[in-house]
Every structure is written in structure tokens, then in C-alpha cells.
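Asks: Take this structure first; my questions come after.
The values are calculated or read from the model by the stated rules, or taken from the named source; none is laboratory data. If you're wondering where the values come from, they're calculated on a predicted model, not measured in any experiment. Cβ: placed from backbone, ideal geometry, glycine included. Neighbour counts: every protein chain shown. Calculation scope for accessible area: heavy atoms of the full protein, side chains included, ligands and nucleic acids excluded. Shrake-Rupley method; radii C 1.70, N 1.55, O 1.52, S 1.80 Å.
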There are 2 protein chains.
Amino acid sequence: MVKISIIGAGSAVFSMNLVRDLCLTESLHGSTISLMDINKERLEVVHDLARRYVAEMNVEVGFQKTMSREASLQDADFVVNAALVGGHQNQDIRRNIGEKHGYYRGVGLGRYHQLLFFLDVARDMEKICPDAWLIQCANPVFEGCTLLTRETKIKVVGLCHGHYGALKIAEILDLDLGKVTFQAPGFNHCIWMTHFLYEGKDAYPLIDEWIETKAEKYWEKWNPEFNENQMSPAAVDMYKMFGAFPIGDTARDGGWWYHSDLETKKRWYGPLGGFDSEAGWNRYLDRLGKRMDDMFRVARDPSASVTEQFPPIKSREQHIPLIDSLVNDKERSFQVNVPNNGAIHDIPDNVVVEIPGIASGRGIQGVHVGSLPKRLMLHMMIPRMLRMEWILEGFSTRDKKVLLHMLLEDHRTHSLEQAKILLEDILSLPINRGIAEYFE
Amino acid sequence: MVKISIIGAGSAVFSMNLVRDLCLTESLHGSTISLMDINKERLEVVHDLARRYVAEMNVEVGFQKTMSREASLQDADFVVNAALVGGHQNQDIRRNIGEKHGYYRGVGLGRYHQLLFFLDVARDMEKICPDAWLIQCANPVFEGCTLLTRETKIKVVGLCHGHYGALKIAEILDLDLGKVTFQAPGFNHCIWMTHFLYEGKDAYPLIDEWIETKAEKYWEKWNPEFNENQMSPAAVDMYKMFGAFPIGDTARDGGWWYHSDLETKKRWYGPLGGFDSEAGWNRYLDRLGKRMDDMFRVARDPSASVTEQFPPIKSREQHIPLIDSLVNDKERSFQVNVPNNGAIHDIPDNVVVEIPGIASGRGIQGVHVGSLPKRLMLHMMIPRMLRMEWILEGFSTRDKKVLLHMLLEDHRTHSLEQAKILLEDILSLPINRGIAEYFE
């Protein structure tokens, strides 16, 4: 069948979801998954679990285990890039340098380490497997996919699961999920629910009613452990402002005024202060760590059941179904990140948007979305697009002045000097040496 | 010949410049200027001076003096809108309310009093003189002209004299002005010198040399009275960042980081802190006041010579030459504010841009400019356009949330509450009653 290369396969939960989905997709049996990571220990664990999983399921799926990207890309039909360069540890170091300068929870500089890496992988693909699809799931998906589709000849599609936030809304509204349909286009992590139907009828009035009669009670009941962005006061506030509900990670972000300090975060995102507060982020890392510990434990115990750890139920990740549609010409709709090409009005063709797309033997075809609410365009979409363009302008010109301007655009910067000193401090971090050299 | 209605004719210097230019333009002799203002005293003075000027020059120009806009528009061929609703006094009141909230030199809210007034005038024109040209010189020209060309059927052109800043550069470089040509397109008050030629050759290297060898000395010599934006450190900094020199009021604005406090302003704009500092602005008002005093003095003394006060030399205002070109089919180039219609790449057609335009018996035809430097588009033009769109979105939806968002976008806003309180305070100003009612 096909060869699927997972770059960053040490992301164990992610990889095992793909293995599981593949096992549950008969039309792809006989395929090979190439697990590639630079972390040998994690790679061993994932490889061990994956092989045992396939054995327990008694299906034919082959595996390659390699620390060589080149080897993994060889003969690949699909390359899934899931790698976070430097892992969460470097993310924390970067955040801390911002905090040192008074930027609560850090300051963004465009995640160039990721972009440089993405381009590296795609350039390798151009040489080794030029006809393969690159399925980009590592962030930043928006900047990354726009960069790759502009700069390389590789077929690129970005995938995320944030749009399922719409189902979280349905759940909180106590709706039968089987009767819900929705559409939430935009840019990755900046998507907005333009359509929400229940039994074929507009269900936005149900949201309005919930806000009117139940939201306050729902928020009061939030216990100290509660941490939910999708129906947070921030999300409702954005909906009131823009006329479309923010979906998934979109609600987690929003204006700076939801995030200026922990107290403010708590007010808008509940007792933990949302996903990106100190507590929220640590909880996420803890859970991820526990999940890894579980996996290592199972890996160390050859008699343990892997299918017990990963019950054979399809994940909601889109990767394997998408591959199945492309390989076996099964026409189905997905939420994809592809160049706009007219799908959303007033967005240039060469900007990657997150829209519904039809995947089949013909490839991936974006579905025409049309106009988004004007307010949304003016206050969220265009500013977000502009930031993406700043980041890519920095990438293509290697000019530090672009970085400086991005720091100046941060609402917490008070002077040019502050921005200059911060920039030098960020670029002198040992983990940022590659970026500093790039911008010399 | 033609009837030219000046709305806000009490702006005495402005009106007298037009009278003078008209007297010096033989092909328009026989025309009538309708002086319209709601300030009776100023109107009397301007009318008296204008009539005496014409008599002293011994040319045939008729005058109408009226406090009725309708009467002034009757049979008008050209309507010059120069009015500042509430004058500089209201401008100061608006600035002070911002300062009270900690916004140094005030905070902008879109100047809706002006926009409402502009639309009123244009609506009247649609009824009374639908074929007349509206020459818009009152600010905001960018928002105003875009609004009027979108919302009305009136022929609108915006004029400003800021682009002559390019000649100021030539002067400081000690060049023979007669041998200088330039092009400085953009949006009004956000224009950038894409071409600067001396004797037909690129003269940008002369600017670079000046920056390298003479700028520091030039700035050191700035005496305490010196106040000049065009070749200020801020302007040079913008040029270095964007690759094109900011012209006229463009240099006066720029990023927030040039303006955060008086000390910062002084560093970037010289000892007075630039045109918009306390001292800079007061000096401007003082000079304007003295000029008015002079005019009142001449008006009170029937034996005084008006031509002595206003020597019969053409001003550099474009109004009369433009009218002459349109009426008498004299094809000439002007710096005009008209809908883009493809002149500057990647700007929508229905956004008014400031570009070279050819005026003749055919009307006004924009000259194709092409692409501006990408950095300029990303960091200055698109953000400025976005702000214009926010302002017009507020205008068309009458939704206070748009105003709130504009305050949140101000770099000095620290919390949602601060913005909300500031907004309510601004809207409860007696002089803002009309705006407050509009946004109910």
C-alpha cells in the first residue's frame, strides 16, 4: 500500500493515534509507517508499542524505525510532520526570557526555529520524495503552510483538530452530536463558526439562549480544576463582538486584554486562567507527562495489553482518513489548511486558510466559503494575516528590523529601547543560536 | 465662468490663498467665490479682504458672502470643504480628555464629527449641485474621501500640500528645486517618496550621503525654536526601516514609539518635540492667531494695502490650478486623493489613495503607481488602511463596540475597563453629544 513517514514520531500519543486509526482502516492495511525521531528512547518505546498494537489487532501494518530523516523520507507517499524542535523545554526557556522583561507568559517572535525546520523537511522531500504529500501538523500551521506552499513545490496540507470545538459547544448545549453540523473557516487557530445547524436548522439561537439563561450558572459551577476555553466568558465576548463564535484554540487566544495578567485570565477563562496560564499550561504538561509514563510502563512490561491502553476506537485525528480518501478515492470532507485560491473573499490566493476541503483520488479541493463577517475580517482575520506576513517577511529578508517591529507591535512594549534590549536577549539565548545566525 | 463655494471660508489664510491664486489665473477671471462660514465675524473679515484684494489687483472676480450652506451650494461648480467643526478649541478639549486618562497628547477616535459633517455637505450637494466637484481639504482626508466616494454620487477629490515636503528635503540637501522631481504616493498623511530625481538622475544617494555625513550636525544645530519633521531623526529612522522616505505629515506621525512622552518626542523631532508636542502645537496656534490678528488689523484699516499682506505670488495650494485644468482642459499633473482603482497594487479599488493624477477637460485620472516596497505595505500602509476601515465600519454600523476596539488597539491602553471608562468619558463630552447620539 503506502508508506507514511512520521517526523517527530516520539510524540507518542500522536503516533499511537495514527497507528490505531490505520489499524481500523482496512483499505490501508499493508501500509508501512516509518517512525522517525531524534530521541532514541522515545522512538524505541513508540516502535515497541506500535508493533505490539498491530500484533494484538492482528492486522498487517509494517514499521520502520529510524533516526535518519533521509531514510524515513525514502519512498514515502505521505510525510506527517509533527515535530516540535527542542520540545516543550525550549518553549519554556523562550517564555521565561519574555517574562524576565516583564512580558507575562512571554512574547512571540514568530517561531522561526520551527519554520526553518519545516522548510528543511520540505526541501529534503523535494529531493527524496517529490510526489509525496506533506501533512503539516506541527505548529505554527498557518505560517508554516503558507511558507511551504509559497517556497516549495511539495503538496502541502495542514491538519489540526481545533475545529472539533464546535462539537464541544453542542455538548455543553446538550445536543445530540449526531444531529449537529457546522462550518468554521478562517486561519489555523483563528477559525470562526459561520454555520451551526441542529437537525438541519440554524442552532445559533440555542447558543444565544444558553448565553442568556445558562452561561452565568455554568461559569459559577467551574470548580478549581476546571479549564475550558470553548464556552468561556472570553469566547462569548468575542462572539458578541464579531458575530461568529471562535472555535477551538481561537477562543484560547483573542485580544491581549483577556491575557494581561493572571487575574484577568481567570476572569475570562475560569479558575485556572485558561490553557496558557501557569497552572493551565503545567496541567497540560503534567497530563502529557503522565500519559508518557503510562506508555513507558506498558513498554517495559511485555505482558501488558497495548490495546487496553489504546482501545481500538478511531481517534478524531483526520490524518489516516485523509490519506485513505486520497489513496482510495473515497470522496469525503475534511477541515484542511490549504492556499485560499478564492475560498474566503478578500484573502489573497497565496495565503493558507483553514476551510472545508474535499479529498478524493483527485487530490484536495477547497470548498468555497465566501465572505466572513466584516467585523471579523477587520479586527481579527486581517490583523492575524498581517502578523503572518510580518513573520514571513522576516523569514525571507533575514532582517532583524522586522523582528524588532513585531516586538514593537506587542501591546506590552513601552519603548524602542525595551524592544531592542529584549530582542538582543532573545537572540542571545543558546537555544536561539540558529535563529540569531539566520538573522545576521 | 465658474462658481466656487468655500465651506469654512473663515479659515482666512486658506481662503485668501485661493483668492490670490484665482486673481493670478487669468483663464478663470469672471468667476465667483462664495464664502460660507458659520462664524459671522471671520466671514466679514475674509469677505472684506477678498473684495479689496480683487479691487487692488484690478481683476474681475465676484463674491458671495453667506452663512447658509444651501445658498452657497446653489449653482456651485466646485465646493471646497475646508471646515473644522468646532475649530481648534474643540480639538483641544478632545485632547485633554485623553490626557486626563493618561494618554499623552490625547487619543484618536476617528474624528466622527468631521465625517458626519462631510457627509452632510455631500448629501446637500447631491440635492443642490449634483454635478459639482467636491474638493475635500478638511481632515481627515483619507477617511473622509473614502467615505464620500463610497457613500455618495458626488465627484470627490482630496487635496493636501504635504507632498511638498519632498522639496523641503531638496532644500536641506542644497539642491536647485527647479531640477528636482519626485513621486510620493500612499494615503493622505501616509505618503512615501518612491522616486526622487535630480537633473533626471536618482537622488536618493544624496539623501544617504547627507544622513551619513551631515545629519548629526544638522540636528545638533537645531536651536530651541527649531521644529521640523521632514528631516528629523524620526523620518530618517522610518526611511531606514521602510526603504522610502516619509513625506510631509507622514514623518510627523510614524510609530507610537516616537511619541510616548515629551522626552521621546524631543529625541526624534528636535527641541520642541515636533509639531504635535505641547510647545509645537502651541507655536502653530500662536502663529495662526498672529496671522489672524494681522488680517483683522488690515480689515479694520480701509487704507491698508491687502496685496502688501498677501503679495501677488501664487501659493502652492493646488485648488485653483486644479479647477483651471478641469474647466479649461489644461492637462497637468497634481497630487490627488482619489479611489485607488488599481493605481497602487494590493490596495482595494474603493480605498482612496494619494497619487499623481492628471486633471484635464476629461476629469481627474489617476496615474498607475504599481507596487510599494513590501515592508512599507506590511508595516505602514495596511495597518493604516485597516484603521481607516475600522473608523468607517463604526460609521456605517453605529456600533460603539467598534470604538471600544479602536481604543483597545491604542498602545497605551492597559485594560478593557480603562478603554470602556475612557470611551464613556469621551462620549459624554458636551461637544461630542452628536457623536454619542449617533452611536446609540
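Asks: Name the shape class, rounded, prolate or oblate, that the alpha-carbon gyration tensor gives for chain A, where a ≥ b ≥ c are the square roots of its eigenvalues, rounded holds for a/c under 1.5, and otherwise prolate holds if a/b is larger than b/c and oblate otherwise.
Replies: Rounded, because the longest to shortest axis ratio a/c is under 1.5.
Asks: Between B:Glu26 and B:Leu197, 0.36 nm times their residue separation minus their Cα-Cα distance comes to what?
Replies: So the extension gain works out to 58.4 nm.
Asks: Oh, and also: So for the range A:2-73, averaging the separation of alpha carbon pairs under 8 Å that are six or more residues apart and normalising by length, what relative contact order in percent results?
Replies: Relative contact order comes out at 39 percent.
Asks: Now a separate question. Can you list the copy-to-copy distances for A:Val13, using a point 7 angstrom from Cα toward Cβ, in nanometres, shortest first?
Replies: So the label point of A:Val13 gives 6.8 nm to the other copies.
Asks: Something else now. Once you compute Rg and the Kirkwood Rh from C-alpha atoms, what is the Rg to Rh ratio for the range A:282-331?
Replies: 1.16
Asks: Just to be sure I understand: chains A and B are related by a rotation, so which residue of A has its Cβ closest to that axis, and how close in Å?
Replies: A:His411, 3
Asks: Once amide H atoms are placed 1.01 Å from N in the peptide plane, what residues at a sequence separation of 5 or more from B:Val352, or on another chain, have their amide H within under 5 Å of its amide H?
Replies: B:Thr146, B:Asn340
Asks: Once the dipole of chain A is set up with Lys and Arg at +1 and Asp and Glu at -1 on Cβ about the Cα centre, which of A:Ala55, A:Leu115, A:Pro185 lies farthest towards its positive end?
Replies: A:Leu115
Asks: Applying 1/(1 + (r/R0)^6) with R0 = 35 Å to the Cβ-Cβ distance of B:Tyr164 and B:Lys40, what FRET efficiency is obtained, to the nearest 0.05?
Replies: 0.55
Asks: Mind scanning A:Lys168/A:Lys221; A:Lys265/B:Lys420; A:Lys168/A:Lys330; A:Lys153/A:Lys374; A:Lys240/A:Lys374 and naming the pairs with a C-alpha gap bigger than 22 Å? Please report the intermediate quantities before stating the final value.
Replies: Working: A:Lys168/A:Lys221 17 Å; A:Lys265/B:Lys420 18 Å; A:Lys168/A:Lys330 27 Å; A:Lys153/A:Lys374 33 Å; A:Lys240/A:Lys374 14 Å.
Violating the 22 Å Cα-Cα cut-off are A:Lys168/A:Lys330; A:Lys153/A:Lys374.
Asks: Only helical DSSP H runs with n ≥ 4 go in: add -39500 (n - 2.57) per run for the protein assembly as shown, normalise by residue count and round the 222 nm mean residue ellipticity to 500 deg cm²/dmol.
Replies: About -14000 deg cm²/dmol.
Asks: Run through the other copies and list how far each one's label point is from that of A:Glu437, in nm with one decimal, shortest first; the point sits 7 Å from Cα along Cα-Cβ.
Replies: Ordered by increasing distance: 6.8 nm.
Asks: With θ set to phi - 60° and the Karplus curve 6.51 cos²θ - 1.76 cosθ + 1.60, what are the ³J(HN,Hα) couplings of the range B:5-19 in order, to the nearest whole Hz, using x for Gly and Pro?
Replies: 9, 9, 8, x, 5, x, 5, 4, 4, 4, 4, 5, 4, 5, 4
Asks: Whole-Hz Karplus ³J(HN,Hα) for the range B:312-318, in order, using 6.51 cos²θ - 1.76 cosθ + 1.60 and θ = phi - 60°, x for Gly and Pro?
Replies: Values, residue by residue: x, 10, 4, 6, 9, 5, 8 Hz.
Asks: Counting only protein heavy atoms and using a 1.4 Å probe, what share of the accessible area of the range A:358-421 belongs to carbon plus sulfur, as a whole percent?
Replies: 55 percent
Asks: While we're looking at this one, here's another question. How big is the Cα convex hull of the range A:182-300 in projection, averaged over all directions, in nm²?
Replies: 9.5 nm²
Asks: So for chain B, averaging the separation of alpha carbon pairs under 8 Å that are six or more residues apart and normalising by length, what relative contact order in percent results?
Replies: About 16 percent, as a whole number.
Asks: Work out the length of the dipole vector of the range B:207-352 about its Cα centre, built from +1 on the beta-carbon of each Lys and Arg and -1 on the beta-carbon of each Asp and Glu, and round it to the nearest 20 debye. Mind showing how you got there, number by number?
Replies: Details: 18 positive and 25 negative charges, 85 e Å.
With Lys and Arg at +1 and Asp and Glu at -1, about 400 debye.
Asks: Taking a label point 7 Å from Cα toward Cβ, how far is A:Asn39 from its twins in the other copies, in nm, shortest first?
Replies: Spelled out, the distances from A:Asn39's label point are 7.2 nm.
Asks: How shielded is A:376-382 by partner chains, expressed as the average number of their Cβ atoms within 10 Å of its Cβ atoms?
Replies: For this peptide, the per-residue mean of nearby foreign Cβ atoms is 4.
Asks: What does the convex hull of the Cα atoms come to per residue for the protein assembly as shown, in Å³?
Replies: With only Cα atoms used, the protein assembly as shown gives 182 Å³ per residue.
Asks: Let me know the mean shielding of B:310-317 by other chains, meaning the per-residue number of their Cβ atoms within 10 Å of its Cβ.
Replies: 0
Asks: Averaged per residue, what accessible area in Å² does the range B:60-211 show with a 1.4 Å probe, protein chains only?
Replies: Per residue, the range B:60-211 has 40 Å² of solvent-accessible surface.
Asks: Long-range amide H contacts for A:Gln64: which residues qualify at under 5 Å (H placed 1.01 Å from N, peptide plane, sequence gap of 5 or more or a different chain)?
Replies: Long-range HN contacts for A:Gln64: A:Ile33, A:Ser34, A:Leu35.
Asks: Per residue, how many Å² of accessible area does the range A:384-438 show with a 1.4 Å probe?
Replies: Accessible area per residue, the range A:384-438: 40 Å².
Asks: Would you mind classifying the range B:384-438 by shape? Square roots of the alpha carbon gyration tensor eigenvalues, ordered a ≥ b ≥ c; an a/c under 1.5 is rounded, otherwise it is prolate if a/b is larger than b/c and oblate if not. The partial results should precede the final answer.
Replies: Details: a/c = 2.04, a/b = 1.03, b/c = 1.97.
Oblate is the answer for the range B:384-438, as a/c is 1.5 or above yet b/c matches or exceeds a/b.
Asks: Shifting gears a bit: Quick check on the range A:20-121: take the gyration tensor over C-alpha atoms, sort the square-rooted eigenvalues as a ≥ b ≥ c, and tell me if it's rounded (a/c under 1.5), prolate or oblate.
Replies: Note, shape of the range A:20-121 comes out prolate.
Asks: Please list 3J(HN,Hα) in residue order for the range A:361-370, calculated via the Karplus relation 6.51 cos²θ - 1.76 cosθ + 1.60 where θ = phi - 60°; whole Hz, with x for glycine and proline.
Replies: After applying 6.51 cos²θ - 1.76 cosθ + 1.60, I find x, 7, x, 10, 10, x, 9, 5, 9, x Hz.
Asks: Taking H placed 1.01 Å from N in the peptide plane, check which residues at least 5 places from B:Ile191 or on another chain put their amide H under 5 Å from its amide H.
Replies: For B:Ile191, whose amide H was placed from the backbone, the distant partners under 5 Å are B:Ile247, B:Thr250.
Asks: For peptide B:413-426, what's the mean number of Cβ atoms from other chains within 10 Å of each residue's Cβ?
Replies: Counting other chains' Cβ atoms within 10 Å and averaging over B:413-426 gives 2.
Asks: Here is a further query. Compute for chains A and B the buried accessible surface, both sides summed, probe 1.4 Å, and express it in Å² to the nearest 100.
Replies: The summed interface area works out to 3100 Å².
Asks: On average over all directions, what projected area in square nanometres does the range A:288-440 have, based on the convex hull of its Cα atoms? Write down the numbers at each step before the final one.
Replies: Working: hull surface 59.4 nm².
Taking the Cα atoms of the range A:288-440, their convex hull projects to 14.9 nm² on average.
Asks: Oh, and also: For the range B:273-424, what proportion of DSSP beta bridges, expressed in % and rounded to the nearest 5, is antiparallel?
Replies: Details: 12 of 13 bridges.
If we restrict to bridges inside the range B:273-424, about 90 percent are antiparallel.
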